[in-house]
Amino acid sequence: MPILRETVTVEPYGDSAVMVSIPAPDAAARRCEIVAFRSRLLARRPHGVVDVVSGLESLLVSFDPLVTSFEHVEYAARLLAELPDSGTGAAQPARRFAIPVLFDAEAAPDLDEVAGELGLTADEAIERICRSQFSISLLAAAMAPMMDGLDTPRPVRRRAEPRTDVPAGSIMIAGVNAIIQPFPGPTGWRVVGRTPHTIVDIHRERPVSFDPGDLVRFTRIDRAGAARLDGAFLTEEGVS
Amino acid sequence: MIDFALTITDTGWLTTFQDLGRRDAERLGVPSGGAADQHSAAVANLLVGNTRDAVLIESMGGELAFVPERDVLVAVTGAPSRVTVGGADVVQWSPVLVPAGAEMRISETPFGMRVYAAVAGALETERFLGSAAPDARMGFTQQIARGSRIVLRSWFAGFPGATFPQALFRLPVPVPTFPAGPWAIDAVLGPDSARIRGIRELIESSTYAVTDRSNHVGLRLNGPVLHPEGDDEIVSHGVPIGALEVPHADELIVLGRYRTLTAGYPIVGFATRTALARLGQAGPGRELRFRWVERSAAAHAAATAEESLRVLETSVHSAFDALAPARL
């Protein structure tokens, strides 16, 4: 007899989306189960479901309000959550990336402030970031790798006012997460470094070399090291 | 079908290829994007007999002008503008014949942000994840430069049966209003509205002004806000187009079609699907008044809007059949 999982929480999110989350007390379980739920939903695509956006512990499911409704999508989500596991879709082994990062003042405008809030020196904050073992939980906007596992004394707050233009390659942190900005753009996260690598290349058949589940560490480099890399596409190679 | 060029003789501040956006791309981290005013874009295409998701031109600010090599059928929608063909005024929100060698010119408007020009046929352009819509963040700019020649594959060769070369149409076109005063925006309540005491009443009774820091990522509004008590970090989660966010600063943000897909700010409401088109036309200085509606009312409004597009599509086909356009 397969174990039926806890039912999911489904709440309306505007007139054409629902937010699905897993009501488990443990964050790791919530994060793990929502990834499994996402795979189920995308494999079966309930009628009228048009797209999904992954959050760390939730899944935004958008639907076409002309062909379905909140009630129908909620019903479909609950049915999917209760299906026994078919055992298909075994995860591929995690790849490991060591991503070189510049931490100087120009590349890391929020570093001193973040360190101050955490009661650390800037060097101590860098050391904490570099010893963190990150795991890619999802691809966020513009295929940005969203990572879990920031090892700081407590979660990092977002900026009071979002920045409107952060350069490509910026390493940004908030909460216990890190993300890399693939293209210049806005963010409410704290900018604490920058990698000289190209993270996303839309002219490649596979615009990114990583997948959810892959592991990432950041390593400190200087300007000379950054100049040698000069925008090279990020690959798994060169991992120590 | 025949391929020929339109020469772009003038462009706005930002003139791009556009369509209704990417389907099924947000699961890959790419926002659907597409025309900020989806209604105007869909209507422009339907008016020239295209499918509503065909590639068209979106232009913001300044003047857009072009000269076709052969006769083309064009519809201009979006922000109220002065539209001329060969210097003579023509109407917006209608199919208009632009004869070979004549210039169509669309002049800037104080009442909205974006105009749409659809041409009967298929405009040739690059695609990214199946759509011609730009994604500037990902380096897919789709910008149309002054002096460039864009290629159209067209079936249209004029209306030989019409009494005048410029046929007059009387079509049931759902033309939105662009009032000079504050624009009413329907919204449904969001998950954090109950957590911030008084925000529901505050938003409903206040006027918000679009600031010049607004763009296709989101409209940043000046006006009163309240913040949740305590400063718990919200775990990053997906956010739909139209979400009304309260960041830590004293402003209200309405997310646009090129939003960052995940965010962790309190969400107090969501602009309804039918309100999004109007938000896509709200430029700096524009005042907005939010009005809370039930989800059922929002769904009804979406169905009504869809019905008006279907009626238009049917009417355009009947009108074109009656005029018996010559086909290439």
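At-a-glance table
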item	result
Stokes-Einstein translational diffusion, the stretch A:150-202 - Kirkwood Rh over all Cα pairs, 1.306 mPa s, 10 °C, in µm²/s	139
Counted charge near A:ARG31, where neighbours are those whose Cβ lies closer than 13 Å (Asp, Glu -1; Lys, Arg +1)	-2
Per-residue ³J(HN,Hα) for the stretch B:303-320, Karplus 6.51 cos²θ - 1.76 cosθ + 1.60, θ = phi - 60°, Hz, x for Gly and Pro	5, 5, 5, 5, 4, 5, 5, 5, 4, 4, 4, 5, 5, 5, 4, 5, 5, 5
Inter-centroid distance (Cα atoms) of the stretch A:122-147 relative to the stretch B:251-328, Å	37
The stretch B:85-223: mean projected area of Cα convex hull, nm²	13.5
The stretch A:96-229: mean projected area of Cα convex hull, nm²	7.5
For chain A, calculated [θ]222 nm from helices alone, where every DSSP H run of n ≥ 4 adds -39500 (n - 2.57)	-7000 deg cm²/dmol
Residues of the stretch A:159-178 with amide N under 11 Å of a point placed 7 Å along Cα→Cβ from A:LEU118	A:173-178
Semi-axes of the equivalent ellipsoid for chain A, Cα gyration tensor, largest first, Å	35, 19, 18
Net charge dipole size for the stretch A:9-82 [Lys, Arg +1 and Asp, Glu -1 on Cβ; Debye, nearest 20]	300
Summed side-chain charge close to B:THR16 - residues other than B:THR16 whose Cβ falls under 11 Å, Lys, Arg +1, Asp, Glu -1	-2
Charge dipole of the protein assembly as shown about the Cα centre (unit charges at C-beta), most positive-ward option of B:VAL175, A:THR7, B:GLY242	B:VAL175
Net lengthening on full extension, B:ARG310/B:ALA326 (0.36 nm per residue, minus Cα-Cα)	3.3 nm
Ascending count of other beta-carbon atoms within 10 Å, so fewest first, for A:LEU138, A:LEU229	A:LEU229, A:LEU138
Karplus-derived HN-Hα couplings along the stretch B:209-216 (A = 6.51, B = -1.76, C = 1.60, θ = phi - 60°), whole Hz, x at Gly and Pro	10, 5, 8, 7, 8, 8, 7, 6
Cα gyration tensor category, rounded, prolate or oblate, for the stretch A:9-82 with a/c compared to 1.5	prolate
Neighbour net charge for A:ALA141 - beta-carbon separation under 14 angstrom, K R +1, D E -1	+2
Residues listed by number, the stretch A:99-142, amide nitrogen under 14 Å from A:ASP222 label point at 7 Å toward C-beta	A:102-104
Fraction of antiparallel bridges per DSSP, the protein assembly as shown only, in percent to nearest 5	90
Folded to 0 to 90 degrees: helix B:38-47 orientation relative to chain B principal axis, Cα	20
Theoretical gain in end-to-end length, A:ARG96 to A:ALA28 [0.36 nm per residue, Cα-Cα removed]	22.4 nm
Efficiency of FRET between A:ASP211 and A:THR164 - r from beta-carbon atoms, R0 30 angstrom, step 0.05	0.50
Among B:LEU123, B:LEU28, B:LEU276, residue whose mean-square fluctuation peaks in a GNM of chain B (springs only between Cα atoms under 10 Å)	B:LEU28
Pairwise centroid distance, computed over Cα atoms, of the stretch A:187-240 with the stretch A:63-82, Å	38
Choice from B:VAL76, B:VAL293, B:VAL85 showing the highest fluctuation, given a GNM over chain B with Cα pairs closer than 10 Å	B:VAL293
Candidates B:GLU313, B:GLU287, B:GLU229, ranked by Gaussian network fluctuation over chain B, Cα under 10 Å, top entry	B:GLU229
Scattering curve values for the stretch B:173-311, log₁₀ I(q)/I(0), Debye with Cα scatterers, q = 0.19 Å⁻¹	-1.15
Label point distance in nm, B:GLU201-B:ARG127, each placed 7 Å from Cα along Cα→Cβ	5.3
Pairwise FRET efficiency - B:LEU28 versus A:ARG44, Cβ, R0 = 22 Å, nearest 0.05	0.75
Dipole magnitude of chain A about its Cα centre (Cβ charges: Lys, Arg +1; Asp, Glu -1), debye to nearest 20	360
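Readers should treat all values here as calculations from the given coordinates under stated rules, not as data from a laboratory. Keep in mind that what you see is a predicted model, and the values were worked out from it rather than measured. Ideal geometry is used to build each Cβ from the backbone, glycine not excepted, and the neighbour counts take in all protein chains shown.
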